[in-house]
Amino acid sequence: MDQLKRSLLEAPIIEKDGYHYFVHPISDGVPKLDPGLLREIVVRIIRKADLEDVDRIVTPAAMGIHISTAVSLMTDIPLTVIRKRQYGLDDEVAIFQETGYSESEMYINDVREGERVLVLDDVLSTGGTLTAVLDALDDIGAEVIDTVAVIKKAGGENKVADAGYDVKTLINVDVVDGEVVIVDEEGD
């Protein structure tokens, strides 16, 4: 059994306002993130994503940073982090994100019209974050070559699919009766 699958099956589940949430090192930073798990994920992303002609990796803060940094190191593709802090730089773009359990603003800096980007994220749950990011990149005029989320939580609302975006995933899971259930070991 691969490390990602095993770690998800062992993940604790918490409930926030009726939303069942798994706690995992990739999506939450706890429990500890084993380097072997991160390496496995990075290799799978590199194999799954269309990296040809990508100018830059774009990821939302905070939990996409470690994954995207590792992919950037392995591919020599520069990385831009979408931050939750406003800097007021020229061409900064504010985006509003709404997830299954929160709402906030994020800010894209240093992504230009015509740039070809790979969007990476840790989890696709409701699709709120990725939809906001992909809409903003489209508004900027960046070309999204591919989008990959490590884990997809199936069984709920998926705003990103409803908006017509295609997101590849490494593994699809659901939370049933307080436990993680693997829906698709290969993801989308």
Just one listed residue, out of Thr126, Thr169, is polar (S, T, N, Q) and out of contact with any strand residue (DSSP E or B) (no Cβ under 6 Å at 6 or more places or on another chain), and it is Thr126
Among the residues of segment 1-22 satisfying the criterion of being without any contact (Cβ under 8 Å) to a residue 12 or more places away in the chain and of a type outside the set (D, E, K, R), which is most open to solvent (accessible area, probe 1.4 Å)? Met1
Identify all residues within segment 107-120 that are without any contact (Cβ under 8 Å) to a residue 40 or more places away in the chain, open to solvent by less than 30 Å² (accessible area, probe 1.4 Å) and either within 18 Å of Asp53 (Cβ to Cβ) or part of a loop (DSSP other than H, G, I, E, B) (or both); write none if there are none. Asn109
Here is a list: Asp53, Asp91. Which entry is at pLDDT below 95 and more than 18 Å from Thr131 (Cα to Cα)? Asp91
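Given segment 23-100, what helices (runs of 4 or more DSSP H) lie entirely inside it while holding 1 or more residues that are open to solvent by 70 Å² or more (accessible area, probe 1.4 Å) and out of contact with any helix residue (DSSP H, G or I) (no Cβ under 7 Å at 6 or more places or on another chain)? Let's see the steps before the verdict.
On the way: elements: 25-28, 35-48, 65-75.
Once the helices (runs of 4 or more DSSP H) in segment 23-100 are filtered for at least 1 residues that are open to solvent by 70 Å² or more (accessible area, probe 1.4 Å) and out of contact with any helix residue (DSSP H, G or I) (no Cβ under 7 Å at 6 or more places or on another chain), what remains is 35-48, 65-75.
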Does Gly64 fit the bill of being of a type outside the set (Lys, Arg) and closer than 18 Å to Thr126 by Cβ? yes
Taking into account only those residues within segment 129-188 that are β-branched (Val, Ile, Thr) and either open to solvent by 60 Å² or more (accessible area, probe 1.4 Å) or without any contact (Cβ under 8 Å) to a residue 40 or more places away in the chain (or both), which is farthest from Ala49 (Cα to Cα)? Val176
Of all residues in segment 121-164 being assigned to a loop (DSSP other than H, G, I, E, B) and at pLDDT 95 or above, which is nearest to Glu186 (Cα to Cα)? Ala142
Which of (1) of a type in the set (S, T, N, Q); (2) open to solvent by 30 Å² or more (accessible area, probe 1.4 Å); (3) in a loop (DSSP other than H, G, I, E, B) is the odd one out, the single condition Ser104 does not satisfy? (3)
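The values are calculated or read from the model by the stated rules, or taken from the named source; none is laboratory data. Note that the structure is a prediction, hence the values are computed from the model and not measured. Virtual Cβ from ideal backbone geometry, glycine too; neighbours counted across all protein chains shown. For the accessible areas, the whole protein counts, side chains as well, though only heavy atoms, and no ligand, DNA or RNA atoms are used. Shrake-Rupley method; radii C 1.70, N 1.55, O 1.52, S 1.80 Å.
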